[in-house]
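Worksheet: the structure to be examined is printed underneath.
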Amino acid sequence: MYIYMHILFVQTTINDIQQQMNEHYQKNTTLREENVELTTKLKGLIEQYELREQVSGHWWFVFVHVDDCSLRLECLMLIG
């Protein structure tokens, strides 16, 4: 009887461990997918920022080299 109880205990423990491993695997898969999504969003934001910096830098160059006050005002409105 003792051996049967011991085998039952070991089997229950193995089943519990397998269940925990499956749960962790599912959580890790979900986290990996979220990381991919966040990485994609971050890359998009970086690209937008770099493009904005390029455009802003271009308009700033135009602004500095324009003598006409009305054109400077237009540049400032475009930059801002």
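Every number here is computed from the coordinates shown, using simple stated rules; none is lab data. For clarity, every value in this text was computed on a predicted model and none was experimentally measured. Please note: Cβ atoms are built from the backbone with ideal geometry, for glycine as well, and neighbour counts cover all protein chains shown.
Here is how the numbers come out for the structure above:
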| read-out | value |
| --- | --- |
| Theoretical FRET efficiency, 1/(1+(r/R0)^6), r = Cβ-Cβ of Leu42 and Leu8, R0 30 Å, to 0.05 | 0.05 |
| Separation of the Leu31 and Glu53 label points, Cα + 7 Å toward Cβ, nm | 3.2 nm |
